[in-house]
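Note sheet for the following structure.
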Amino acid sequence: QVQVVESGGGLVQAGGSLRLSCAASGSIFRFASMGWHRQTPGEQRELVAEMTNGGSSHYADSVKGRFSISRDMDRNTAFLQMGALKPEDTAVYYCSARAGRENYWGQGTQVTVSS
């Protein structure tokens with residue numbers, strides 16, 4: 001059984017910063033990749049950033065240069081440092097941890113950016 005837990009969301013003013021944390025635990029020794037997605041009401045969940053075991057990362061165009069993903073491979077944790085936040089970054093942010101064909105999700109953490 002795998003658990004994925006996010007933390008660090010909240011309310012921030014436009015231009016501010018937030019750091020999200022994610023911890024994955026359970027029967028998987030190391031996840032092939034961990035990432036962050038976000039979703040707003042009525043919209044599909046979209047990838048924000050992802051990092052593989054090899055250290056390769058990629059970002060949605062909308063967050064490049066503002067967000068940075070990092071991982072602690074040994075502890076199966078992932079972080080998303082978000083800067084220069086915009087109101088359009090407001091969403092529920094979900095952490096994902098992939099092992100083989102399985103993708104495990106956290107419950108989500110709300111990020112609200114006020115203008």
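The values are calculated or read from the model by the stated rules, or taken from the named source; none is laboratory data. These figures come from a predicted structure and were not determined experimentally. A quick note on method: Cβ atoms are made from the backbone with ideal geometry, for glycine too, and the neighbour counts reach across all protein chains shown. To get the accessible areas, we keep the full protein, side chains included, count just its heavy atoms, and leave off ligands, DNA and RNA. Shrake-Rupley method; radii C 1.70, N 1.55, O 1.52, S 1.80 Å.
Suppose the filter is among the acidic types (Asp, Glu), open to solvent by 30 Å² or more (accessible area, probe 1.4 Å), over 26 Å from Ser27 (Cα atoms) and more than 11 Å from the chain's Cα centre (by Cα); does Asp61 pass it?
Criteria met by Asp61.
Going through segment 71-91 one residue at a time, which ones are under 10 Å from the mean Cα position of the chain (by Cα) and open to solvent by 40 Å² or more (accessible area, probe 1.4 Å)?
Correct list: Phe79, Gln81.
Looking at Ala78, Ala14, Ala49 in this structure, which one is touching a Pro at 6+ places or on another chain (Cβ under 8 Å) and not polar (S, T, N, Q)?
Working: Ala78 fails: touching a Pro at 6+ places or on another chain (Cβ under 8 Å); Ala49 fails: touching a Pro at 6+ places or on another chain (Cβ under 8 Å).
Just a single option satisfies the conditions, and that option is Ala14.
Does Arg19 qualify as being closer than 24 Å to Ser114 by Cβ, open to solvent by 40 Å² or more (accessible area, probe 1.4 Å), touching a Phe, Trp or Tyr at 6+ places or on another chain (Cβ under 7 Å) and of a type in the set (Lys, Arg)?
Numbers: closer than 24 Å to Ser114 by Cβ: yes; open to solvent by 40 Å² or more (accessible area, probe 1.4 Å): yes; touching a Phe, Trp or Tyr at 6+ places or on another chain (Cβ under 7 Å): yes; of a type in the set (Lys, Arg): yes.
Against the criterion (closer than 24 Å to Ser114 by Cβ, open to solvent by 40 Å² or more (accessible area, probe 1.4 Å), touching a Phe, Trp or Tyr at 6+ places or on another chain (Cβ under 7 Å) and of a type in the set (Lys, Arg)), Arg19 qualifies.
From the set of residues in segment 31-45 that are touching a Lys or Arg at 6+ places or on another chain (Cβ under 6 Å) and within 19 Å of Val92 (Cα to Cα), which is most open to solvent (accessible area, probe 1.4 Å)?
Looking at the filtered set, the residue picked out is Gln39.
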